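> Handing you a structure now.
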Amino acid sequence: MTPRLAPGADLQGLYESLRAEYGPQNWWPAEGRFEILIGAVLTQNTAWTNVERAIARLQDKGWLEAAAILAADERQFTEALRPSGTFRIKAQRLITLCRWFEQAGGFTALDRCPTTELRNQLLALKGIGPETADAILLYAFDRPVFVIDAYTRRLLARMGWLAGVGKRQPAYESLRSVFELTLATDVNLFAQYHALIVEHAKQRCRARPLCDQCMLRTRCQTGLDA
Ligand code: SF4
């Protein structure tokens with residue numbers, strides 16, 4: 001069931017405030033399209049700085065393409081991922097992703113695949129959940145899907161916009177629908193919005209939020225209560 005955001009919730013207005021504060025974001029930080037797929041897996045449950053260290057090691061080895069990863073020595077490839085945490089699991093997830101990518105015909109074939117079908121293919125891979133799949137779809141395939149992450153849920157909850165759905169975490173798909181149905185269907189808007197939420201979570205809306213420094217405090221329930 002699609003959760004209804006609380007009365008007064010304004011996703012477009014929130015985007016405009018974040019954009020005015022932080023400016024355009026240069027996301028996804030990657031030099032090539034396949035590197036985005038790699039980063040989307042490596043960033044699971046770890047900070048981006050750890051991902052950058054692992055990607056630098058892959059770059060040194062020339063392992064930023066699917067074919068190169070599949071041709072690599074598996075033990076050495078796994079070891080290269082050590083800085084990203086849970087690296088043995090992530091190595092297996094990446095190898096699975098690379099096999100799928102190569103067997104599907106790479107970007108040439110997958111770019112012609114409808115979004116829903118492509119999403120279903122990604123979700124069928126072991127270790128690829130909705131957030132990872134949607135990051136890949138949005139940033140590597142330019143598909144208009146909104147990425148919901150823990151920062152998004154936390155921000156909306158603090159704003160008081162999830163009040164109508166109580167304490168239960170709204171399901172991923174429901175929250176994704178809210179964004180996709182409320183906003184214009186625009187890949188650049190979705191890409192910028194997600195990146196801006198991450199930036200806001202880093203700069204102000206941290207685990208311990210800096211409400212007294214936040215431009216949203218007069219519209220945010222948590223800011224008003226602080
Ligand atoms: S006012 Fe506080 S809780 Fe609300 S968005 Fe800003 S930092 Fe986060």
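> Could you work out the helix-only [θ] at 222 nm for the chain, with each DSSP H run of four or more residues adding -39,500 (n - 2.57) and the total divided by the number of residues, to the nearest 500 deg cm²/dmol?
Details: 13 runs with 134 residues, N = 226.
Result for the chain: -17500 deg cm²/dmol, rounded to the nearest 500.
> Another question about this same structure. Between Arg19 and Arg88, what is the FRET efficiency for a Förster distance of 41 Å, r being their Cβ-Cβ separation, to the nearest 0.05? Display every interim value, and only then the final one.
Working: r = 39 Å, r/R0 = 0.96.
Between Arg19 and Arg88 the formula returns 0.55.
> Projected onto the charge dipole of the stretch 129-225 (+1 at Lys/Arg Cβ, -1 at Asp/Glu Cβ, origin at the Cα centre), which of Trp161, Pro209, Leu137 gives the Cα projection farthest towards the positive end?
The listed residue farthest towards the positive side: Pro209.
> Here's a follow-up. Loop-only GluC sites (Glu not before Pro) in the stretch 1-55, please: DSSP not H, G, I, E or B, and at most 12 other Cβ atoms within 10 Å. List each step's numbers first, then the result.
Numbers: sites: Glu16, Glu21, Glu31, Glu35, Glu52; in loops: Glu31.
Within the stretch 1-55, the qualifying GluC sites (Glu not before Pro) (loop, at most 12 other Cβ atoms within 10 Å) are Glu31.
> For the stretch 198-219, list residues with backbone N below 17 Å from a point placed 7 Å from the Cα of Leu183 toward its Cβ?
198-202
> How many lysine pairs in the chain, separated by 8 or more positions in sequence or lying on different chains, have Cα atoms less than 29 Å apart?
Values: Lys61/Lys90; Lys61/Lys126; Lys90/Lys126; Lys90/Lys202; Lys167/Lys202.
Qualifying lysine pairs in the chain: 5.
> OK, next. Going by average Cβ density within 10 Å per residue, which order do the peptides 58-68, 129-139 take, highest to lowest?
Values: 58-68: 16.1, 129-139: 21.1.
Going by the mean number of other Cβ atoms within 10 Å, highest first, we get 129-139, 58-68.
> Tell me which trypsin sites (Lys or Arg not before Pro) from the stretch 119-226 have a DSSP coil assignment and no more than 14 other beta carbons within 10 Å of their own. Kindly include the intermediate steps, with their values, before the conclusion.
Details: sites: Arg119, Lys126, Arg153, Arg154, Arg158, Lys167, Arg168, Arg176, Lys202, Arg204, Arg206, Arg217, Arg219; in loops: Lys126, Lys167, Arg168, Arg204, Arg206, Arg217, Arg219.
Counting only loop positions with at most 14 other Cβ atoms within 10 Å, the trypsin sites (Lys or Arg not before Pro) in the stretch 119-226 are Lys126, Lys167, Arg168, Arg206.
> Classify the stretch 12-149 from the C-alpha gyration tensor, please: rounded if a/c falls under 1.5, else prolate or oblate depending on whether a/b exceeds b/c. Don't jump to the answer; show the numbers that get you there.
Details: a/c = 1.93, a/b = 1.30, b/c = 1.48.
In terms of gyration-tensor shape, oblate.
Here, each number is a calculation from the coordinates, and none is a lab measurement. On a predicted model such as this, the values are computed, not experimentally measured, just so you know. Quick reminder, even Gly has a Cβ in these numbers, built from the backbone with ideal geometry, and neighbours come from all protein chains shown.
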